[in-house]
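Have a look at the structure below, then the notes.
The values are calculated or read from the model by the stated rules, or taken from the named source; none is laboratory data. Please read all numbers here as calculations on a predicted model, not as lab measurements. Using ideal geometry, Cβ is built from the backbone for each residue, glycine included, and neighbour counts are taken over all protein chains shown.
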């Protein structure tokens, strides 16, 4: 039997390159920014230490707004080259697991059905979960990009991403 969390953890979700500038604007690319510029992330105007941390945040925004935007075949995409099981900086592993659980719940998969599936069936379902995470992240990025377009000074505040979560909560 396939361990669904292990299988899901091996996946490396993609993001649409149309969001690359947005991601670079709010997140460092691993430790490279710090070592190259010898500055802390907040000195660089970055809110997230890694691209994938912003990706997880955007995924939750997409989940909260129920706005999945699937990646289409024509979209240029990229991964972080790091499987989700290794998204552990700043003790973020539990948050990643919450993302998995929330996405599994939203997908409507019956976990009892997974027990009776063969390994290929389970892997297919976990690939579908990864695709849904990608779609929610894209939806979240679009929501954030629209907020930047609407009021870019909103992001001048150090607490802007906490306030954005509250704003999303009130909209629902």
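Within the bounds of the stretch 109-131, is there any residue that is part of a loop (DSSP other than H, G, I, E, B), touching a helix residue (DSSP H, G or I) at 6+ places or on another chain (Cβ under 7 Å), in contact (Cβ under 8 Å) with a residue 60 or more places away in the chain and surrounded by 11 or more Cβ atoms within 10 Å (Cβ to Cβ)?
No: the stretch 109-131 contains no residue that is part of a loop (DSSP other than H, G, I, E, B), touching a helix residue (DSSP H, G or I) at 6+ places or on another chain (Cβ under 7 Å), in contact (Cβ under 8 Å) with a residue 60 or more places away in the chain and surrounded by 11 or more Cβ atoms within 10 Å (Cβ to Cβ).
Among what's in the stretch 17-31 and is in contact with a strand residue (DSSP E or B) (Cβ under 8 Å, 6 or more places away or on another chain) and under 19 Å from residue 160 (Cβ atoms), pick the residue that is modelled with the lowest pLDDT. Before the answer, list the steps.
The first filter runs over the stretch 17-31 and keeps only residues in contact with a strand residue (DSSP E or B) (Cβ under 8 Å, 6 or more places away or on another chain), leaving 17, 20, 23, 26-28.
With the extra rule that they be under 19 Å from residue 160 (Cβ atoms), the set shrinks to 23, 26-28.
Working: 23: 92, 26: 91, 27: 88, 28: 77.
Step by step, filter the stretch 17-31, then rank; the result is 28.
Just checking, how many residues over the stretch 32-87 are at pLDDT below 90, touching a strand residue (DSSP E or B) at 6+ places or on another chain (Cβ under 7 Å) and not in a loop (DSSP other than H, G, I, E, B)?
So the answer is 2.
Can you name the condition, by its number, that residue 93 falls short on among (1) within 30 Å of residue 47 (Cβ to Cβ); (2) at pLDDT 90 or above; (3) touching a helix residue (DSSP H, G or I) at 6+ places or on another chain (Cβ under 9 Å)?
So the condition that residue 93 fails would be (2).
Quick one: how many residues across the stretch 144-161 are under 13 Å from residue 26 (Cβ atoms) and assigned to a helix (DSSP H, G or I)?
Of the residues in that region, 10 qualify.
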